[in-house]
Amino acid sequence: MSKTKLQEVVDGIYMDPVPITVGNEVKLKYKGKLATAGANSIYLRAGYGFDQWTDVQDIKMRKGRDGSWSASLVVNDPTRLNFCFHDGADHWDNNSGRNWSYEIHDGELTN
């Protein structure tokens, strides 16, 4: 990952860029409860949409020297990016069942 300073969007989750535009490579850094519990691996589960997730993918995150976990993905859907985290052993950090969701912008400027 580049040395871009990621913005902390909620406790223990950092993201860049914010806001998200279609075509962006979004970088995520995770220092949440799975990281602090000493998980051996952490995956970013990401998908798009409003009611049902589409294009769902699990992305293996890389562990950093500071104990955080990082991953990136290219946003290719203009709806909403949804994500949560798991350790592959059925332990989840999903924002108490709400997951995390971010609207995706189309890049158009509005007046």
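Quick notes
- In segment 31-39, the condition of being modelled with pLDDT of 95 or more and within 13 Å of the chain's Cα centre (by Cα) is met by at least one residue.
- The conditions of being free of Cβ contacts under 8 Å to residues at least 24 places away in the same chain and hydrophobic (A, V, I, L, M, F, W, C) are not met by Val10.
- Test: Ile20 is surrounded by 12 or more Cβ atoms within 10 Å (Cβ to Cβ), of a type in the set (Val, Ile, Thr) and touching a residue at least 40 places away in the same chain (Cβ under 8 Å): yes
- All told, Glu25 falls short of being among the acidic types (Asp, Glu) and modelled with pLDDT under 95.
- Residue ID - surrounded by the fewest Cβ atoms within 10 Å (Cβ to Cβ), chosen from residues in segment 36-46 that are in contact (Cβ under 8 Å) with a residue 24 or more places away in the chain and more than 23 Å from Thr21 (Cβ to Cβ): Asn40
- Gly49 under 18 Å from Asn24 (Cβ atoms), surrounded by 13 or more Cβ atoms within 10 Å (Cβ to Cβ) and not polar (S, T, N, Q): yes
- Candidate set from segment 69-94 (those that are without any contact (Cβ under 8 Å) to a residue 40 or more places away in the chain and among the polar types (S, T, N, Q)); member that is surrounded by the most Cβ atoms within 10 Å (Cβ to Cβ): Asn82
- Number of the exception - Glu108 against (1) of a type outside the set (Ser, Thr, Tyr); (2) modelled with pLDDT of 95 or more; (3) over 11 Å from the mean Cα position of the chain (by Cα); (4) under 23 Å from Gln7 (Cα atoms): (2)
- Members of segment 23-35 that are surrounded by fewer than 19 Cβ atoms within 10 Å (Cβ to Cβ) and more than 20 Å from Gly97 (Cβ to Cβ): Gly23, Glu25, Lys27, Lys31
The values are calculated or read from the model by the stated rules, or taken from the named source; none is laboratory data. Bear in mind that the values here come from a model prediction, so they are computed numbers and not experimental data. As a convention, Cβ positions derive from the backbone with ideal geometry for all residues, glycine included, and neighbour counts pool all protein chains shown.
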